[in-house]
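The values are calculated or read from the model by the stated rules, or taken from the named source; none is laboratory data. As the structure is a computational prediction, the values presented were derived from the model and not from experiment. Neighbour counts are summed over all protein chains in view; Cβ atoms, including those assigned to glycine, are modelled from backbone coordinates with ideal geometry.
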Amino acid sequence: MIGEFDSVPMGQRFRGFLPVVVDVETGGFNAQTDALLEIAAVFLHIDDKGFLYQDKTLSTHVQPFEGANLEPASLQINGIDPWHPLRIALPEGEALNYIFKHVRQAVKANTCHRAILVGHNAFFDLSFLNAAVGRCGIKRNPFHSFSCLDTVTLGALAYGQTVLARIAQAARIEWDDEEAHSAVYDAEKTAELFCTVVNRWQMLEASFNDDACALNFGEPRAHDSVQGR
């Protein structure tokens, strides 16, 4: 949580965009026809050295919109029973407004001008989010409507893997197959991965800058010493 670290606004780190990690669970693969069933959003903050950390997680179950398609195969994977009597779910509009309210507050607090969705296969999550926004007639969507940051690409770059569980294993991030396909679990693991890759780059960049500074001050490099023998 913010307060445990010396945090600073994130407005300059991602060109004025605030990364918010989102995972959705759905009743299928078609954002226009299939139900949005669960949303989780993980908020991040940055310290004065440029390192990212996970902050709070928000989530809500979502009621299928009227006429929504529910594919049995998808429900079997995510384990959601949309009609379970103990499943406390909000209508789409209320669910989105609940998440969006906190996103807008975070955008303002971090001196950003808009949020950008971070996800694993982020186009999938963004497409369902955009479809729900359209159905509900929401005018102030805090997320960029088409740009996103995808941990599939980051995982391939940093670890040579594209499946979230395999990237997590390569990055030494704890993974539990029994917990997977919950929006909260997947969003938090995606957030952990995103922070890990960004922070790894931050450390590499800092190391490179230190080397460049040493060269500028005329400090000898290892191969220069060898050549001078």
Quiz item: List, please: which pairs have Cβ atoms under 7 Å, are six or more places apart or on different chains, and start with a residue in segment 116-133 that is hydroxyl-bearing (Ser, Thr, Tyr) and end with one that is outside any helix (DSSP H, G or I)?
Solution: 127/31
Quiz item: Would it be correct to say that residue 110 is buried (at least 17 other Cβ atoms within 10 Å of the Cβ), in contact with a strand residue (DSSP E or B) (Cβ under 8 Å, 6 or more places away or on another chain) and not hydrophobic (A, V, I, L, M, F, W, C)?
Solution: yes
Self-check item: Close pairs from segment 17-32: first of a type in the set (Gly, Ala, Ser), partner modelled with pLDDT under 95, Cβ under 9 Å, at least 6 apart
Solution: none
Exercise. Among residues belonging to segment 69-93 that are buried (at least 17 other Cβ atoms within 10 Å of the Cβ) and touching a Pro at 6+ places or on another chain (Cβ under 9 Å), point out the one that is nearest to residue 18 (Cα to Cα).
Key: 92
